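Visitor: This is the structure, below, for whatever I ask next.
Values in this text are rule-based calculations from the coordinates and carry no lab data. Since the model is a prediction, treat every value here as computed from it, not as a measurement. All Cβ positions, even for glycine, are placed from backbone atoms using ideal geometry, and neighbour counts span all protein chains on display.
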């Protein structure tokens, strides 16, 4: 049996018409006849929706009629946790298919500082190879070298070398961190070429070449404003943030508007369409071994960053993604392959403070420029009469001390930096390396962890900072919003930590579990479904996904 190529191609060719005005009826719920429960599925599909918070899921779940509606007939965990402190794209994706928190994966942030890096630029991007001559953190070679642990795909290959792993995402860090070190195909969208690319030397399959041609065609044309569904009309309110207005957009764009394309349902449609075509060409799930298809849907993150989570832009995106996922599952249904799906997110997100205040949120504001590490560093330099500005970092998160400081200067810089930060009204706490390293690894429900325990789950001594700066809840760490960057995530608070986790397989008994689980539970749970061993020490636990007499967890 084959995946249906015309249906897959249609996903990417949505540029010419409003997404909702001519929308086909949503696919009906999947058939309920169950496969033999003793047999593992032939295909596992893992989907990450970038910046899909538990709050977004709760706000839209009653409106879903497509792919999300399908998934909600399975096992629903509305309070999944990216339990660590560094709620960014790279750390979050590193937890999903490794079963390990960032202190194990080594992925402590999207970027960190390494003063021993063999180049002038000491910033390290999480998915790069710093040893490549002439590279830097903005002009890098994509690599899996920084990921310290194996992924589910590698566990599957160890159990059966015939298993194949395919990873497709809108971001390289999503494709790499979920795919791991032994992918058969791995493709991500590369801004510099405005196309899907892979590691150097890998042949481009015809399906990728076709998709790149379709993306080029979409980018060459204007995009008309999308229809606004009735449910979204109450969210239609414009907010002028100075350099950008958000809240009432309709996804219209001019030719060659790459930012607009990526922050739209069209981007996710191209990612999902490519995943279907690769699965079709490779006949995933149709061999003797179970295969793994990984999909990183990135558009929600770009919509969230550019517009926040509460306006028409996110409403259009959520309802469109639901339909795109529905088409993915319809295509998989047509193959007759027994497949299982899990969907989650790498982190949540915080809506723009301007809208949050209108909705009654207290202490919701943008971070002051005085909280930035460079501004604090200048104060420290002046106070201590140092010959250099001693701090590297941002307005929150890891802060690094210049290694040229003497031991005495280092001690003085730490004390003065903590004094300045803790005096700022927007700062909740400042933790030292010693405090974090001396904290026991957290146990129990992740919502009960202290701030230090959350930090401990993200701490890796060779990559983490000398200090961790924690802003107070609802402080947006963007001082001056602009096009594409009005809101963000990355905090230690639950609006960034909580994400949904949804499991589905045809015939399974659906249920909703109200208590918290973690994204590190996904990989061991899938290993339980597949009946394969977990070959390394991990942090996650196997969740029993079958309410019948046979358990998936041993």
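Visitor: If you look at just the Cα atoms of region 92-201, how large are its Rg and its Dmax in Å?
Guide: When restricted to the Cα atoms of region 92-201, Rg and Dmax are 14.0, 43 Å.
Visitor: So, in Å, what gap is there between the alpha-carbon centers of region 388-431 and region 204-270?
Guide: 41
Visitor: First measure r as the distance between the Cβ atoms of residue 193 and residue 383, then evaluate 1/(1 + (r/R0)^6) with R0 = 41 Å and state the FRET efficiency to the nearest 0.05. Could you put the intermediate results ahead of the total?
Guide: On the way: r = 47 Å, r/R0 = 1.16.
In this case the efficiency is close to 0.30.
Visitor: Can you give the angle from 0 to 90° between the axis of helix 312-335 and the longest principal axis of the chain, with both taken from C-alpha atoms, to the nearest 10?
Guide: Result, in degrees: 40.
Visitor: When all alpha-carbon pairs of region 335-472 are counted, what percent fall beyond 23 Å?
Guide: Beyond 23 Å sits 47 percent of the P(r) for region 335-472.
Visitor: Sticking with this one: Neighbouring Cβ atoms within 10 Å as the yardstick, rank 343, 388 fewest first.
Guide: 388, 343
Visitor: Once Rh for the chain is found with the Kirkwood sum over Cα pairs, what is the Stokes-Einstein diffusion coefficient at 20 °C and 1.002 mPa s, in µm²/s?
Guide: 90
Visitor: Sorted from fewest to most neighbouring beta carbons within 10 Å, what does the list 135, 234 look like?
Guide: 234, 135
Visitor: What are the principal axis extents of the Cα atoms in region 499-543, in Å, biggest first?
Guide: Largest to smallest, the principal-axis extents are 30, 23, 13 Å.
Visitor: Taking the chain as the reference, fit the longest principal axis to its C-alpha atoms, fit the long axis of helix 407-423 to the helix C-alpha atoms, and give the angle between the two in degrees, 0 to 90, nearest 10.
Guide: Once rounded, one gets 70 degrees.
Visitor: With a/c under 1.5 counting as rounded, go ahead and sort region 185-241 into rounded, prolate or oblate using the C-alpha gyration tensor (a ≥ b ≥ c being the square roots of the eigenvalues; past the cut-off, prolate if a/b is larger than b/c, else oblate).
Guide: Prolate, since a/c reaches 1.5 and a/b exceeds b/c.
Visitor: Tell me the angle of helix 373-384 to the major Cα principal axis of the chain, expressed in degrees between 0 and 90 and rounded to the nearest ten.
Guide: Around 20 degrees separate the two axes.
Visitor: Order of 541, 498 from fewest to most other C-beta atoms within 10 Å?
Guide: Ranking 541, 498 by Cβ neighbours within 10 Å, fewest first, gives 541, 498.
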